[in-house]
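Read-outs: derived from the displayed coordinates by stated rules, not from any lab. Every value quoted in this text rests on a predicted model; they were computed, and no experiment measured them. Quick reminder, even Gly has a Cβ in these numbers, built from the backbone with ideal geometry, and neighbours come from all protein chains shown.
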Amino acid sequence: MDIQIKKDLSAPRLRELIRDGEWKTPTTGVATGSVQANLVMLPREAAFHFLLFCVRNPRPCPVLDVLEPGQWEPRIARGADLRTDLPLYRVYRDGALAEEIEDVTPLFNKETVSFLLGCSFSFESALIAARVPVRNLEEGKNVSMYITNRDCIPAGPFSGPLVVTMRPMRPDQAIRATQVTTRFHLTHGAPVHLGSPDEIGIEDLDQPDFGDPVSILPGEIPVFWACGVTTILAVMSASLPMVITHSPGHMFVSDLRDEDLTLL
C-alpha cells in the first residue's frame with residue numbers, strides 16, 4: 001500500500017481492514033493524527049491492581065479508556081471491537097508468552113476487563129510537523145524499544161522495569177522534540193532520558209528488546225520516551241492464568257485525534 005494512502009487512512013477504515021484480515025503489519029505512521037493505544041485484557045479480579053499500577057506509573061501507562069467486564073466496544077472508538085481490531089495480539093499464560101494471534105474473540109469472556117493506554121505513535125505526526133526526524137518512519141520500521149534498569153512502582157502482583165522507545169536526532173532537535181511532546185501527557189509526554197543509553201541500562205542500541213533497530217547518524221543522540229510495552233512486562237510478572245495484549249507495534253487506532261489529548 002502506498003505510504004501516502006497509509007497516512008490518509010481514517011481510523012474506522014483502518015480498523016475495518018484489520019478486522020477483514022487485510023492489514024497485518026505494525027500501525028506506526030498509519031492514519032496520521034489518530035490516537036493509537038496499547039491494549040491489555042485481563043481477568044476482573046486483577047483489574048483493580050492493574051489500574052493501580054497504571055495510576056502509580058502514569059508516564060509509561062497513561063490510561064485512555066477502561067471498559068466494563070465483558071465489553072469490547074471502547075468509548076474512544078464507537079463501533080470498534082477490541083477482540084478483532086488490532087493487527088496482532090499476544091496471549092500470555094502463567095506469565096509466559098503462549099501465542100500470537102489475529103483474533104481473540106474465542107478467548108474473551110464476560111469477566112474480561114480491557115484497558116487502553118496511550119502510545120507514542122500518537123505524537124509522531126506532531127514531531128514531523130515540527131521538522132523533527134522520526135527515523136522508524138523514514139526507514140519503514142517498527143520503533144525501537146528497550147528494557148531499562150529503572151523500576152516501576154509495583155501494585156499488587158504487578159511490577160517490572162520501565163520500557164522505552166528510542167528515536168535518534170540531533171541535540172537541537174531533541175530540545176524541539178521535548179517542547180512538542182510535553183503537551184501530549186496522555187501519550188507518554190516528554191522524553192524520560194536523552195543520550196547515554198548505558199545510564200538507563202541499555203547496552204546495545206542495535207539490539208532492541210522489541211521492534212527494529214534504526215540508523216543513528218553522525219551528530220545524533222538517542223532520545224527515549226516511556227513506552228506502553230512496560231505493561232506487558234508488568235502482566236508477565238503477575239503470572240495470571242491468561243492475559244491478552246497487543247503485539248508490540250500493532251496498536252489499536254482510536255477515533256480520538258492527537259490534538260484532542262492536549263486539551264485534557
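General remarks:
- Cα shape, segment 1-153, gyration tensor, a/c 1.5 rule: oblate
- With the biggest extent put first, the Cα atoms of segment 192-264 measure 42, 36, 20 Å across the principal axes.
- Among THR148, THR84, THR25: highest mean-square fluctuation, GNM of the chain, C-alpha pairs under 10 Å: THR25
- Using a cutoff of 8 angstrom between alpha carbon atoms and counting only pairs six or more residues apart, the relative contact order for segment 131-226 works out to 39 percent.
- Cα-centre dipole for the chain with unit charges at Cβ (Lys and Arg positive, Asp and Glu negative), debye to 20: 580 debye
- Taking a ≥ b ≥ c as the square roots of the eigenvalues of the alpha carbon gyration tensor, the chain is oblate, as a/c is not under 1.5 and a/b does not beat b/c.
- Gaussian network model of the chain, Cα within-10 Å springs - most flexible of ARG75, ARG167, ARG83: ARG75
- Dividing the summed -39500 (n - 2.57) terms of all DSSP H runs of n ≥ 4 by the residue count of the chain sets its mean residue ellipticity at 222 nm at -6000 deg cm²/dmol.
- Comparing SER237, SER122, SER114 in a Gaussian network model of the chain (Cα springs below 10 Å), the most mobile by mean-square fluctuation is SER237.
- Fewest-first ordering of HIS188, HIS250, HIS193 by other beta carbons within 10 Å of each residue's beta carbon gives HIS193, HIS250, HIS188.
- Total charge dipole magnitude, segment 131-226, about the Cα centre, Cβ charges on Lys, Arg, Asp, Glu only, Debye to nearest 20: 560 debye
- Unit charges at the beta carbon, dipole of the chain: most positive-side option, PHE50, ILE76, LEU97: ILE76
- Relative contact order for segment 190-241: 47 percent, from Cα pairs under 8 Å spaced at least 6 residues apart, divided by residue count.
- Centre separation in Å (Cα based) which lies between segment 216-264 and segment 111-181: 7 Å
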